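Comments concern the structure below.
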Amino acid sequence: DPHSTCFCTTAGCGPFHEQGLDVLLADAGDHFLAKVITEKGEKLLQSAGWNTETDAGEQIETLKKEAESRITSSVSTDKLKDKVLNELYQAPFWEETAFSCINCGTCTYVCPTCWCFDIQDENHGKSGIRMRNWDSCMYPLFTIHGTGHNPRGTKMHRVRQRFMHKLKYYVDKYDSGIQCVGCGRCVRLCPVNIDIRNVCELMNSYEPVADACQAA
């Protein structure tokens, strides 16, 4: 059920997106509908006693259209690929965008495409374990070096990194859309109302002001 902040259809995704799935399950109220995507998915359903002979494709397609019709929010991403990275990096809107951020990390913890982590070694007598822990790039300690130097020591640097990673670095490196599924969770849960849709529009439409000397 798409929320009002959902913009997934313009982020290259959707409420019934099938990429990477073996089975698509759709909530039909008092039961679930299943659509087999891969042979692996078919074997999984069969092992669970699911009748794979019944094709729920048409019913799922109807639910898909109904869901997509309720999505009213959108973003423009068509110009991100062509933007000069350093010009976006130096854009003046980052200070204002980050001004209200309290570095709570909520946006990173609810995001399905955030994967920041930390590695820690714990000693237990003569043995020990190495653990990978969930972390957030919005925290000051995430990038601090052993020397005490922190390349992202201010919240502006961290906010800029988050959005540049999702909307520019990823776009340039993989050429497969933005690193965002458009679910809108971060928009709904940010306590200071920082909106990735607004940031995306700022980045997509940004044109640096020409240097006066160059213009002359």
Legend entry - Per-region count, region 147-164, residues surrounded by fewer than 18 Cβ atoms within 10 Å (Cβ to Cβ) and under 14 Å from the mean Cα position of the chain (by Cα): 0
Legend entry - helices (runs of 4 or more DSSP H) (entirely within region 132-211) containing at least 1 residues that are touching a Gly at 6+ places or on another chain (Cβ under 8 Å) and over 21 Å from Thr72 (Cα atoms): 170-174
Inset, instruction - For region 67-78, enumerate the residues that are surrounded by fewer than 12 Cβ atoms within 10 Å (Cβ to Cβ) and out of contact with any helix residue (DSSP H, G or I) (no Cβ under 8 Å at 6 or more places or on another chain). - result: Ser69, Thr72
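Can you list the helices (runs of 4 or more DSSP H) lying wholly within region 1-115 that have 2 or more residues being at pLDDT below 95 and either on the phi > 0 side of the Ramachandran plot or of a type outside the set (Gly, Ala, Ser) (or both)?
Correct list: 39-47, 57-69.
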Inset, instruction - Note down all Cβ pairs under 9 Å where the first residue falls in region 149-165 and is hydrophobic (A, V, I, L, M, F, W, C), the second is crowded, with 19+ Cβ neighbours inside 10 Å and not in a helix (DSSP H, G or I), and they're at least six residues apart or on different chains. - result: Val159/Met138; Val159/Ile194
Inset, instruction - Please give the number of the condition Trp134 fails out of (1) out of contact with any Phe, Trp or Tyr (no Cβ under 7 Å at 6 or more places or on another chain); (2) assigned by the TED database to the domain that holds Phe93; (3) modelled with pLDDT under 95. - result: (1)
Inset, instruction - Return only the number of the condition from (1) within 19 Å of Phe7 (Cα to Cα); (2) loosely packed, with under 11 Cβ neighbours inside 10 Å; (3) of a type in the set (Lys, Arg) that Arg130 does not satisfy. - result: (1)
Inset, instruction - Output yes when any residue across region 105-115 is surrounded by fewer than 18 Cβ atoms within 10 Å (Cβ to Cβ), assigned by the TED database to the domain that holds His165, polar (S, T, N, Q) and more than 22 Å from Cys8 (Cβ to Cβ), and no when none is. - result: no
Inset, instruction - Any chance you could count how many residues in region 1-52 are without any contact (Cβ under 8 Å) to a residue 24 or more places away in the chain and of a type in the set (Val, Ile, Thr)? - result: 5
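The values are calculated or read from the model by the stated rules, or taken from the named source; none is laboratory data. In this text, all values refer to a predicted model and were calculated from it rather than measured experimentally. Glycine also receives a Cβ, built like all others from the backbone with ideal geometry; neighbour counts cover every protein chain displayed.
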